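See below for the structure under consideration.
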Amino acid sequence: MILFPRPLSAVLPPLRRSPAPVLTLAFCALAACAAKPPGDETYLVHRARGPIVADGLLDEASWSRAGRAGPLVRSMDGRPATAMTEARILWDDENLYVGFTSEDTNIATPFFKDDEQLYTSNVVEIFINPSGDLKRYAEIELNPANALFDATFTGRRQGMDLAWSSGARHGVHLDGTLNDARDVDRGWSAELAIPFATLPGMPRPRPQAGDEWRFNLYRLRQGPGQPGEGQAFRPPLIGDFHAVDRFGTFRFVE
Ligand SMILES: [Ca+2]
Ligand SMILES: [Ca+2]
């Protein structure tokens with residue numbers, strides 16, 4: 001049987017000439033419809049007020065000063081992701097601190113060594129372009145086994161230096177079990193202290209309040225039992241996390 005759709009005129013009510021639709025449009029323009037797409041807003045990086053131990057537990061009081069970046073959205077279309085991921089960023093005179101909180105019902109990774117291809121499995125990532133030239137950037141990833149991947153580039157996917165070491169201190173905390181699909185996990189958090197001294201293309205030795213950098217945040221959920229999903233702070237809308245022209249912006253503040 002073929003069902004023919006009714007003509008639109010039979011489905012939609014006739015336009016009313018009352019002021020109600022005009023008011024609705026005005027409200028939309030001022031509020032909901034004025035909301036920026038994910039990652040278009042400038043993220044404010046607040047200064048830490050004390051030491052941060054990069055152990056994966058975001059329990060230092062300073063983390064409560066940090067705004068939430070996210071929840072990350074699907075990288076291809078900017079729509080809500082299948083599992084929540086949020087990030088927070090802080091700074092002090094020496095380091096950029098990045099914390100990720102990831103919901104995950106099956107915490108898993110086959111990688112346990114640094115600089116392996118973590119990006120083929122489950123991982124959280126930050127891309128950092130200190131000068132804003134959209135050329136010299138660092139890619140730093142951490143997986144649930146606390147393995148670190150770090151590399152620098154001199155242009156979009158150009159001049160990759162995997163031998164580079166960020167010198168980042170890092171830790172993860174698992175709320176669940178690693179590589180055991182028999183149970184249901186809750187998630188994991190990751191914490192990184194990334195020294196300014198090692199970052200490529202720094203405009204000055206350390207940032208000052210008011211400086212703006214380009215960056216993006218990502219999460220990959222891949223492999224057995226995973227949805228095959230990329231997530232982003234500012235979604236590149238294509239299958240390439242190195243889309244530097246889609247990097248977001250953060251500003252250092254006190
Ligand atoms: Ca900590
Ligand atoms: Ca490396």
Residue count, segment 145-189 (criterion: among the β-branched types (V, I, T), surrounded by fewer than 20 Cβ atoms within 10 Å (Cβ to Cβ) and within 16 Å of ligand 2 (Cβ to nearest atom)): 1
Meets criteria (of a type in the set (A, V, I, L, M), in contact with an Asp or Glu (Cβ under 6 Å, 6 or more places away or on another chain) and surrounded by fewer than 19 Cβ atoms within 10 Å (Cβ to Cβ)) for A209: yes
One residue from L58, L72 being closer than 21 Å to F247 by Cα and more than 16 Å from ligand 2 (Cβ to nearest atom): L72
Subset of segment 230-254 [out of contact with any Phe, Trp or Tyr (no Cβ under 8 Å at 6 or more places or on another chain) and surrounded by fewer than 17 Cβ atoms within 10 Å (Cβ to Cβ)]: L237, I238, G239, D240, D245, V253, E254
Single condition K113 does not satisfy, out of (1) in a loop (DSSP other than H, G, I, E, B); (2) in contact (Cβ under 8 Å) with a residue 60 or more places away in the chain; (3) surrounded by fewer than 23 Cβ atoms within 10 Å (Cβ to Cβ); (4) away from ligand 1 (no atom under 16 Å from the Cβ): (2)
Answer from L90, L192, L96, L134 - the residue that is modelled with pLDDT of 95 or more and within 16 Å of ligand 2 (Cβ to nearest atom): L192
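Listed residues Y119, Y218; which is within 16 Å of ligand 2 (Cβ to nearest atom) and crowded, with 16+ Cβ neighbours inside 10 Å?
Values: Y218 fails: within 16 Å of ligand 2 (Cβ to nearest atom).
Testing whether each residue is within 16 Å of ligand 2 (Cβ to nearest atom) and crowded, with 16+ Cβ neighbours inside 10 Å leaves just Y119.
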From A197, A243, residue being over 20 Å from the mean Cα position of the chain (by Cα) and hydrophobic (A, V, I, L, M, F, W, C): A197
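The values are calculated or read from the model by the stated rules, or taken from the named source; none is laboratory data. Being a predicted model, the structure only gives us computed values, none of them experimental. Cβ sites come from the backbone with ideal geometry, for glycine too, and all protein chains shown count toward neighbours.
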